[in-house]
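The values are calculated or read from the model by the stated rules, or taken from the named source; none is laboratory data. Worth saying up front: this structure is predicted, and the values here are computed from it rather than measured. Cβ placement follows ideal geometry from the backbone for every residue including glycine, while neighbour counts extend to all protein chains displayed. Areas reflect the complete protein model, heavy atoms only, side chains present, ligands, DNA and RNA absent. Shrake-Rupley method; radii C 1.70, N 1.55, O 1.52, S 1.80 Å.
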Amino acid sequence: GGVADATAEVQLSRLRWAVLLLFSSYSLCNAFQWIQYGSVSNIFVRFYDVSAFAIDWLSMSYMLIYIPLLFPVAWLLDKRGLRLIALAGSALNAVGAWVKLGSLKPHLFPVTVLGQVICALAQVFILGMPSRIASVWFGSHEVSTACSIAVFGNQLGIAAGFLVPPVLIPNVEDVDKLAYHISIMFFMTAGVASALFILVIIVFKEKPPNPPSRAQASIQSRPTVEYSYMQSILRLLRNANFLLLMVTYGLNVGCFYALSTLLNRMVIHHYPGEEVNAGRIGLTIILSGMVGALISGIWLDKTKTYKQTTLVVYIMSLVGMIVYTFTLSLGHLWVVFVTAGLLGFFMTGYLPLGFEFAAELTYPESEGTSSGLLNVSAQIFGIAFTIGEGQIMDHFGTKAGNLLLCSFLFLGTVMTVFIKADLRRQQANLENEQT
């Protein structure tokens, strides 16, 4: 009887794909709002009459706000569950989008900052969720793929953020015309964000009727009293392999954040007047990265070679960054498209790898905590690299700025070699299958 009961209680819910799709959609909308200024930074510099550094801060505000608020929100996720976090994230995202509609005059830059800060708050409720949604709703054979799809939404949003603003907001002289073009973008965003919030209220459930995997069933059967949030964080910070992964993940993703934020400035510097193509290059980085992320997610589910895959992808990110650095100034836009695509394939392909490797190294700790620490690391390095590269670019040119990123990617590659593949989640699933 015991065996039959155990198999009966593990069951997949049809709703899981709707939940995943909805999460990906409002994550997309939030990521779009992150980069919608940066991808046409030269135009917003002129419209609000502020420095390029001020516009960079609109992007960095997302990174900055995440750092202090991650832990309270992750605690909420553990105490209150997925639905409340989903509602908060999609609501704040919509409110931020509406506030931006109040900033359509050149002297109203502070209002745009306020709107961006509210969207940055929404992001705190979004970034740590992919691995949690994957493990609460999906079976053990599809968990990495589900995690990749959830991370995808965010990537697609960044892609849209590179593609759409340069097309909607042409670099026209007249400030009133410019305000009109900007208002179209802000209205569209607010409409989409509001619709998604309403859908979350209707569709998003806390968890499926039955646990989707053995690992999840055993977590749900544990009493919750013994679980303390601070102790969980401290246990993670004493895990040497996880610490190494946290730093290497931060270096890789921090480079990606800096590159995304400064891309418009870099390309316009070498190819004046090419705003739309600068956006398309950003799009190329993201789209090829999504292919990379999907391939690496499927590859992990098939082979479970976490460390080897992570190392290979890291080395290739470094190679891609070096090639991009030395081809940016050649004067051929098509070359930049090719090298940026190569770079994106590996750099963005690394995102789900980091999350999944972390979940392996830290089982049975909450995935929200491990992915949260990875994200904090990425935000800290992202701010440092964006400011550092921005300053170096202003004083010594783009090549020097990109060489800074290359050297840190090299450091990350060397550190990855020293991570031991201590796969605790695999071990748990194996032991469960044997009993």
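Tabulated data
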quantity	calculated
Region 136-145, subset crowded, with 24+ Cβ neighbours inside 10 Å and out of contact with any Lys or Arg (no Cβ under 7 Å at 6 or more places or on another chain), residue modelled with the lowest pLDDT	Ser144
Residues satisfying the stated conditions in region 198-208, i.e. surrounded by fewer than 20 Cβ atoms within 10 Å (Cβ to Cβ) and touching a residue at least 60 places away in the same chain (Cβ under 8 Å)	Leu199, Ile201, Val203, Lys205, Glu206, Lys207, Pro208
Condition check for Val45: under 20 Å from Asp174 (Cα atoms), of a type outside the set (S, T, N, Q), in a helix (DSSP H, G or I) and at pLDDT 90 or above	yes
Verdict on Gly331 being farther than 16 Å from Met415 by Cβ and surrounded by fewer than 16 Cβ atoms within 10 Å (Cβ to Cβ)	yes
Boolean, Arg238 is over 23 Å from the mean Cα position of the chain (by Cα), modelled with pLDDT of 90 or more, more than 19 Å from Leu351 (Cβ to Cβ) and of a type in the set (Lys, Arg)	yes
Yes/no for Arg16 being of a type in the set (Lys, Arg) and without any contact (Cβ under 8 Å) to a residue 12 or more places away in the chain	no
Tally of residues being assigned to a helix (DSSP H, G or I) and either among the hydroxyl-bearing types (Ser, Thr, Tyr) or crowded, with 19+ Cβ neighbours inside 10 Å (or both) across region 6-18	2
Qualifying residue in region 99-106 (condition: aliphatic (A, V, I, L, M) and either closer than 26 Å to Ala278 by Cβ or under 16 Å from the mean Cα position of the chain (by Cα) (or both))	yes
Of all residues making up region 385-416, the number that are farther than 21 Å from Ile55 by Cβ and under 21 Å from the mean Cα position of the chain (by Cα)	6
Residue among Val323, Val291, Val313, Val247 that is in a helix (DSSP H, G or I), within 28 Å of Val73 (Cβ to Cβ) and β-branched (Val, Ile, Thr)	Val247
Check on Thr386, at pLDDT 90 or above, of a type outside the set (Lys, Arg) and not assigned by the TED database to the domain that holds Leu76	yes
Residues within region 254-280 that are of a type in the set (A, V, I, L, M, F, W, C) and buried (at least 24 other Cβ atoms within 10 Å of the Cβ), tallied	6
Residue among Tyr314, Tyr306, Tyr271 that alone is among the aromatic types (Phe, Trp, Tyr) and at pLDDT below 90	Tyr306
From the options Ser194, Ser232, Ser218, residue that is in the same structural domain as Leu373 (by the TED database), open to solvent by less than 50 Å² (accessible area, probe 1.4 Å) and not hydrophobic (A, V, I, L, M, F, W, C)	Ser232
Matching residues in region 19-47 - criterion: being crowded, with 22+ Cβ neighbours inside 10 Å and among the hydroxyl-bearing types (Ser, Thr, Tyr)	Tyr26, Ser27, Tyr37, Ser39, Ser41
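Quick grid of which residues meet (1) open to solvent by 40 Å² or more (accessible area, probe 1.4 Å); (2) in contact with a strand residue (DSSP E or B) (Cβ under 7 Å, 6 or more places away or on another chain); (3) at pLDDT 90 or above:
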site: Gly157; (1), (2), (3): no, no, yes
site: Phe187; (1), (2), (3): yes, no, yes
site: Ala190; (1), (2), (3): no, no, yes
site: Arg214; (1), (2), (3): yes, no, no
site: Thr224; (1), (2), (3): yes, no, no
